[in-house]
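Reviewing the structure listed below.
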């Protein structure tokens, strides 16, 4: 058994105040937390896929992104869907989150409307920027991957495989994902696009 709040080395740490937002008293170990979050994420994904509106623009908004995060994590965390209020080891300053998140979705709507990039590249660029903003206390990667999957589906493509395994566990797959994100940080989107379809 591992410490409930022991995060992988490259994951976003949860502050003591955010830990107080844990809603389920039966969660006492990391495996319990992972199980509860995964079940909640599946419910959030089902909710998103059942929503009316099939246009990409229907999900490219701050309101949708925040509601999706709440749907993905709201049974586990009291702060689900709320922007983080503290600095992190990744992400922008907290005061910039609302503006940068809105600008991201404006940009993605423009890319879709004007075929700026191929569909896969639009979804992956959106995913990368959303992870780089890191708007929420936790769950940013999982949230950004689901939004990318929803977008590519609405653009007529298949959901991404994201390496075909769990990115929650420390290991080679997670290391490859983090390396691909870091390459995108350095303006090389290719490795992240390849990883998403691997």
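Read the figures in this text as sums done on the coordinates, not as results from a lab. On a predicted model such as this, the values are computed, not experimentally measured, just so you know. In this analysis, Cβ positions are derived from the backbone assuming ideal geometry, glycine residues included, and neighbour counts consider all displayed protein chains.
Mind checking the angle between helix 140-154 and the chain's longest principal axis? C-alpha axes, 0 to 90 degrees, to the nearest 10.
With rounding to tens, the tilt is 30 degrees.
Would you kindly state how much longer the chain becomes between residue 95 and residue 29 on full extension, computed as 0.36 nm times their sequence separation minus their alpha carbon distance, in nm to one decimal?
Numbers: separation 66, 0.36 × 66 = 23.76 nm, distance 3.29 nm.
The span from residue 95 to residue 29 would gain 20.5 nm if fully extended.
Computed from the coordinates I sent, log10 I(q)/I(0) by the Debye sum over Cα atoms at q = 0.09, 0.12 Å⁻¹ equals one of (1) -0.31, -0.57; (2) -0.44, -0.71; (3) -0.38, -0.63. Tell me the label.
Of the listed options (1) -0.31, -0.57; (2) -0.44, -0.71; (3) -0.38, -0.63, (1) comes from this structure.
Helix 62-73 sits at what angle to the longest principal axis of the chain, using alpha carbons and giving 0 to 90 degrees rounded to 10?
Long axis of 62-73 versus the principal axis of the chain: about 40 degrees.
When you count, for each residue, the other Cβ atoms within 10 Å and take the mean per peptide, how do 123-133, 184-194 rank with the highest first? Walk me through the intermediate numbers first.
Details: 123-133: 22.7, 184-194: 14.8.
Packing proxy ranking, top to bottom: 123-133, 184-194.
May I ask for the angle, rounded to the nearest 10°, between helix 172-185 and the longest principal axis of the chain, with both axes built from Cα atoms and the value confined to 0 to 90°?
Helix 172-185 sits roughly 50 degrees off the main axis of the chain.
Taking N as the number of residues in segment 112-197, what is its Cα Rg relative to 2.2 N^0.38 Å?
On the way: Rg = 12.3 Å, N = 86, 2.2 N^0.38 = 12.0 Å.
For segment 112-197, the normalised Cα radius of gyration is 1.03.
By per-residue mean of other Cβ atoms within 10 Å, what is the highest-first order of 51-62, 19-30? Don't skip to the end; give the middle numbers.
On the way: 51-62: 14.3, 19-30: 12.7.
My ranking of the peptides, most packed first, is 51-62, 19-30.
Relative contact order of the chain: what whole-number percent is it, with Cα pairs under 8 angstrom and at least 6 residues apart? The partial results should precede the final answer.
Details: 242 pairs, mean separation 37.2, N = 198.
19 percent.
What FRET efficiency would be calculated for the residue pair residue 47, residue 19, taking the C-beta separation as r and a Förster radius of 30 Å, to the nearest 0.05? Each step should come with its number before you reach the end.
On the way: r = 26 Å, r/R0 = 0.86.
Computed FRET efficiency for residue 47 and residue 19: 0.70.
Would you calculate a helix-derived [θ] at 222 nm for the chain, using -39,500 (n - 2.57) for each DSSP H run of n ≥ 4 and dividing by the full residue count, to the nearest 500?
Working: 8 runs with 105 residues, N = 198.
It lands at -17000 deg cm²/dmol.
Please compute the length gained on full extension between residue 186 and residue 109, using 0.36 nm multiplied by the number of residues separating them and subtracting their Cα-Cα distance.
25.4 nm
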